Structures are given as C-alpha cells and as structure tokens.
Amino acid sequence: MSRILIIEDDTLVGRTIATHLKKKGYELKLVETGEGGLKAYKEFQPDLTLLDVKLPDLNGLEVLRQIKQFDKNAAVVVMTAFDDMKTTVEAIKAGAFEYLVKPLNYLELDLTMDKAFQLKALEEKVSYLIEEKQKEYQIDNIIGRSPQMREVFKMIGSVANTRTNVLIQGESGTGKELVAKAIHYNSPFRDEPFIVINCSAITDTLLESELFGHVKGAFTDAVSETRGKFEIAGKGTLFLDEIGDISPNLQSKLLRVIETRDFMKVGGEKILKTEARIIAATNQNLKELVDQGKFREDLYYRLKVVEITLPPLRERREDIPDLVAYLLEKINRELKKNVRKVPPEVMEYLVAQPWRGNVRELENALTRAVILAKGDVILKEHLPFEPSTRPQAQDKFPVPKEMVPLWEVEKRYIQYVLEATRGSKTRACQILEISRPTLDKKIKDYDLKVETSE
C-alpha cells in the first residue's frame, strides 16, 4: 500500500483530498503546516507528497527544497490556487514532479499520481540494474589467487583513483575489458560513461569519425553532425581495444589528443576539449611493433604510463577451479539452470586443457556443458574438446620455397589454418592466438576463402 503525505493548511480541502484518496486504498497522513510537514515526511517516509504552496508558517516552495535536500528522489506534487508562471517555474526548478491548480480536477490528480508511481518504480529498477551491473566489475569478480593475478589486483587498486592512461596487454580472452571496467567502476568517475571502441573492427575513416565525431558534409554519408566518443565520454573512460591495429595517421591524431587534451571533429574547425581517461588494450606486443616501425614510440609511452599484463590461463592453472565455480554460478543464473557439480576427474581434465582462448574459451566450454547436462552434474562428454584443435603433424604447413614477403607467409598460413579447421573461425583464432575481429580483418585484407562451418 502506497503512503501519501498531504500538506495543506485548508482543513476542508485537505479532508476532501484525503477522502478521495482513501477510496483508492492509500495510507494517508494529513498535516496543516510546513514545519509539521517536514517532520511528518521524515517519520512517515511517504511514497508521494501533495504540497500546498501557501502555508501559515513556511512557503511551500521552501518546504519542497528541504524535502529534496533530505531525499533527492522524493516525488512531490505542488498544489496552489494561484496559477502564475513564476511560481510554476520555481516549483519545477526546485524539483516538483508536477504542478496542479486548485480547485483540483481529481481525474488529473489520479493520472498525475499514477505517472509519479510508475516513474518512481522505473527509477528504482534502473538504479538496481546499474548497481547490479557495477557489481560485475568489482575487483572481487576478477577471479584469481595466483601470484600473477595478485599483481594485477594491486595495479587496479593503484590506478583506479587516478586519471592516468593505462595499457593492458594480454592474449585474446584473458579479460582485458573486464580489467578496464574494474578500473573505471572503482574510480571516482564511475557514474561517467565507459565507452568501448574495437579499433580492429572499424575502417580507418570510420574509426576517426567514431573517435572525434564529424560535421555535416564532412564526407559523402555525413548527412548530419555527430558527436564522437571523446565528446560523449565526458570525464569517463574511453577503452580502445586492439590499439595495435590503428593506422599511422590515427596514431598521430590520438597522440595529439593525449598531449593537448583537445581535438576537432572530422571536417570541423572548432576545437573541443576532452577530460576522458584512455585505457588501451592489445593482444599484440606493442614494443615489437614499435621496433618494427609499425607503432609510434611516443604514442606507446604516452599510453603505457601504467602497464598491466594479464597472464594466459595456462600460466595460472591453479586459478581454474575458482574460475569454474564463479563461471558456473554466472552461467546458471543467466540460463536459469542448476548445474553446479563438477566431478574431480572432470576438474582435472579442465585444469589440464591448453586453453588457447583463455577465460573466454573456458566460459564457452562451460556454457555448452550446462546446456547439454541432463542433471546437475557436468560430465566430460558435455565438454566441447576434440582430440586436437591443431592441424595434424603429417599435414604440415607447406613453407614457400621461393623468397616471399612476410605478409605473404602470413596470408598462406591463415588460409592453411582455416582449411585445416574446416572454416571454424573460433578454432582458427585459438590456433593463431588472435582475436575474432583481427581474424575477420585479415580474411578481408587478404581476400581469403572461408569454408563456412559456423
């Protein structure tokens, strides 16, 4: 039953409103002064307050302001016999949900109250969802007790309260984005946006527009002006995944933004400021790319003010049992199942796997096992492993006899792996130890043929 507080100095009007609302089944409290209303609000804790503007001791708008100071989410409907623009504007500015003119139209009152309750319920639901989402990125939810992971936790704790740029390096599937979110959601700017851009999945021209925005007419399809991710991020975090794949042109522009904290939209002339923190991630060795002349050295050092290296799962096998328990809890919650038992021999089997796709591969394997399980126990036959995910030794990769560029060898080997895995991009990524967007980009760049199997 919803509680309604009525603050109305006219006894007859107050009782009339109370009689109407009692018929609707509300729990009511009626007071006739501003001071009494403030005291009653704190004690009664109403779901909605009906507040008269003209009160004998305090102005109704002052009562509204004090209620809002006490409870910023308070739903207050202001009532007055004086329909003037100034009072209306002040009431709405002070946080009134609605402004009703006496004599009250009770149909309008009922609709207003219904709308207020619906909005309050929606706000509570959204707040709950945000809190639940943020819980996913607490440090407690990055699982691991190995020495390598303890070092990662220390680094997250050290950088979370700063605005320092961070470079996260690690193989595909090790949880780079999860670490970036843990840094963001444990920072003072957790309520600001966390924006992800996969640099390898977008062409150079589109990536520049995504980052900086563009003005109308900047290029053929620019039919309207758009805001870039640097502008949208505000004081939040911009997570640049696969940073090693951006072009030299974009590297220089990104360097300028980091150094000057300003940028211009594509085709624009106005200089905009950014306060966003940059967290970059890559599964490549950026230092090697610098040595090869493929990545700017000055940008590399600007990005890696703090560097976090995530170990592959095969190097922290002692964490696998804890990860299995955590992932099963998550998977069962999402699939609304109750498959949580893992026999010792199955756990030993899981710990012994190479996990070339790291935690992501482990999660996918457990998801499949939960779906296929008949009871509440995971069996070995529920797991997706085959005797070998690599090409057989007798079917060796034919090394070119003639002298060819390195890219040609890469092209032929990727084609060879795709054929050996019968077009399974998931297995190809595990073998090549690259991410899915990187594989898709190389297939497109090299114009490779893929036998569809997934």
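Worth a mention:
- Among the residues of region 52-97, those identified as of a type in the set (Ser, Thr, Tyr) and either buried (at least 19 other Cβ atoms within 10 Å of the Cβ) or in contact (Cβ under 8 Å) with a residue 24 or more places away in the chain (or both) are THR80, THR87.
This table checks each residue for (1) closer than 11 Å to LEU51 by Cβ; (2) among the β-branched types (Val, Ile, Thr); (3) in contact with an Asp or Glu (Cβ under 7 Å, 6 or more places away or on another chain).
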residue: ALA74; (1), (2), (3): yes, no, no
residue: THR88; (1), (2), (3): no, yes, no
residue: LYS93; (1), (2), (3): no, no, no
residue: LEU104; (1), (2), (3): no, no, no
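- Qualifying residue in region 277-285 (condition: over 22 Å from ILE156 (Cα atoms) and in contact (Cβ under 8 Å) with a residue 24 or more places away in the chain): no
- Residue match in region 229-244 (condition: free of Cβ contacts under 8 Å to residues at least 40 places away in the same chain, under 22 Å from ARG163 (Cβ atoms) and in contact with a Pro (Cβ under 8 Å, 6 or more places away or on another chain)): yes
- Residues of region 30-51 satisfying the condition of being touching a Pro at 6+ places or on another chain (Cβ under 9 Å) and surrounded by fewer than 19 Cβ atoms within 10 Å (Cβ to Cβ): GLU32, THR33
- Of all the listed residues (THR205, THR220), the sole one being at pLDDT below 90 and either in a helix (DSSP H, G or I) or under 16 Å from the mean Cα position of the chain (by Cα) (or both) is THR205.
- Residues (surrounded by fewer than 20 Cβ atoms within 10 Å (Cβ to Cβ) and either polar (S, T, N, Q) or touching a residue at least 60 places away in the same chain (Cβ under 8 Å) (or both)) located in region 172-186: GLU177, ASN186
- Lone qualifier among PRO311, PRO354 - being crowded, with 18+ Cβ neighbours inside 10 Å, outside any helix (DSSP H, G or I) and not hydrophobic (A, V, I, L, M, F, W, C): PRO311
- Test: residue in region 177-192 that is within 18 Å of PRO437 (Cα to Cα), modelled with pLDDT under 90 and in a loop (DSSP other than H, G, I, E, B): no
- Scanning region 318-329 for residues that are of a type in the set (D, E, K, R) and surrounded by 15 or more Cβ atoms within 10 Å (Cβ to Cβ) returns a single hit, ASP319.
- Screening ARG314, ARG302 for residues that are touching a residue at least 40 places away in the same chain (Cβ under 8 Å) and within 20 Å of ALA180 (Cα to Cα) leaves exactly one candidate, ARG302.
- In region 266-308, the residues that are within 25 Å of the chain's Cα centre (by Cα) and either over 19 Å from CYS199 (Cβ atoms) or assigned to a loop (DSSP other than H, G, I, E, B) (or both): LEU272, LYS273, THR274, GLU275, ALA276, ASN283, GLN284, LYS304, VAL305, VAL306
The values are calculated or read from the model by the stated rules, or taken from the named source; none is laboratory data. The shown structure was predicted, so the numbers you read here are calculated from the model rather than taken from an experiment. All Cβ positions, glycine included, derive from the backbone under ideal geometry; neighbour counts span all protein chains shown.
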